Amino acid sequence: MQPLSTTTSLDSSLGAPDAGESLFCTVQRRDDRSGFRFEINPDCSLMSEHFPGFPVVPASLIVGLIAKLLPSYLGVRDGLLLLDNVRFNRPVSPPGSYECLLQSHSAEQGVLFTINGPDGQLHTRGRVRFGAEPGEMSHAA
């Protein structure tokens, strides 16, 4: 396993209702740019609301995390971002550390990613392409 870089926290723009409350915390990026590890803040009020008794991170916020981190992480500046073939195999829930692994860095094919849980099982997977044309967006569903 590659070493991880310094620990950071994401700002509250990803689903936290209060300014000082971040849903995703303890983000550690791999030094070799092959992925990152993150934890879910169990104290985020969203976790008590979605769903009471069985906290689950909304799929839209998982996609938001990918969309927020990958462009700058991979050195992509501007342009449209297309996520396709995204599958949510298991719920992402606190506690535990999740790992997003990047499997391909081809500009044409995009970046394949998986999110694995604390037990190593696959939770989410998909592909991100950068610089997609607006017409491609209508075919992505």
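From the list V63, V76, pick out the single residue that is touching a helix residue (DSSP H, G or I) at 6+ places or on another chain (Cβ under 8 Å) and β-branched (V, I, T).
Of V63, V76, the one residue that is touching a helix residue (DSSP H, G or I) at 6+ places or on another chain (Cβ under 8 Å) and β-branched (V, I, T) is V76.
All but one of (1) modelled with pLDDT of 85 or more; (2) part of a helix (DSSP H, G or I); (3) buried (at least 19 other Cβ atoms within 10 Å of the Cβ) hold for G64; which doesn't?
(3)
Check the stretch 71-83 and report whether any residue there is assigned to a loop (DSSP other than H, G, I, E, B), surrounded by 13 or more Cβ atoms within 10 Å (Cβ to Cβ), at pLDDT 90 or above and of a type outside the set (D, E). Steps first, please.
At the first step, the residues of the stretch 71-83 found to be assigned to a loop (DSSP other than H, G, I, E, B) are 74-79.
With the extra rule that they be surrounded by 13 or more Cβ atoms within 10 Å (Cβ to Cβ), the set shrinks to 74, 76.
Right, trim to at pLDDT 90 or above and you get none.
Scanning the stretch 71-83, I find no residue that is assigned to a loop (DSSP other than H, G, I, E, B), surrounded by 13 or more Cβ atoms within 10 Å (Cβ to Cβ), at pLDDT 90 or above and of a type outside the set (D, E), so the answer is no.
Does R37 fit the bill of being at pLDDT below 90, touching a Ser or Thr at 6+ places or on another chain (Cβ under 8 Å) and under 21 Å from P95 (Cα atoms)?
So R37 does not fit the description; no.
Under 9 Å between Cβ atoms, at least 6 apart or on separate chains: pull out the pairs that start in the stretch 88-104 with a residue that is assigned to a loop (DSSP other than H, G, I, E, B) and end on any residue that is acidic (D, E).
Taking only residues 6 or more apart or on different chains, the pairs are P94/E39; P94/D43; P95/E39; G96/E39; G96/D119.
Of everything in the stretch 44-75, what is more than 16 Å from the chain's Cα centre (by Cα) and in contact (Cβ under 8 Å) with a residue 12 or more places away in the chain? Give them in sequence order.
Within the stretch 44-75, C44, S45, L46, M47, F54, P55 qualify.
Would you pick out the residues in the stretch 18-50 that are among the aliphatic types (A, V, I, L, M), assigned to a strand (DSSP E or B) and in contact with a Gly (Cβ under 8 Å, 6 or more places away or on another chain)?
First pass over the stretch 18-50, keeping only residues among the aliphatic types (A, V, I, L, M): 19, 23, 27, 40, 46-47.
This time we only want the ones that are assigned to a strand (DSSP E or B), so: 27, 40.
The answer is I40, and nothing else.
Looking at the stretch 88-100, is at least one residue touching a helix residue (DSSP H, G or I) at 6+ places or on another chain (Cβ under 9 Å), within 21 Å of R30 (Cβ to Cβ) and not hydroxyl-bearing (S, T, Y)?
Yes: the stretch 88-100 contains one or more residues that are touching a helix residue (DSSP H, G or I) at 6+ places or on another chain (Cβ under 9 Å), within 21 Å of R30 (Cβ to Cβ) and not hydroxyl-bearing (S, T, Y).
The values are calculated or read from the model by the stated rules, or taken from the named source; none is laboratory data. All values reported here derive from a predicted model rather than from experimental measurement. No Cβ is skipped: glycine too gets one built from the backbone with ideal geometry, and neighbour counts run over all protein chains shown.
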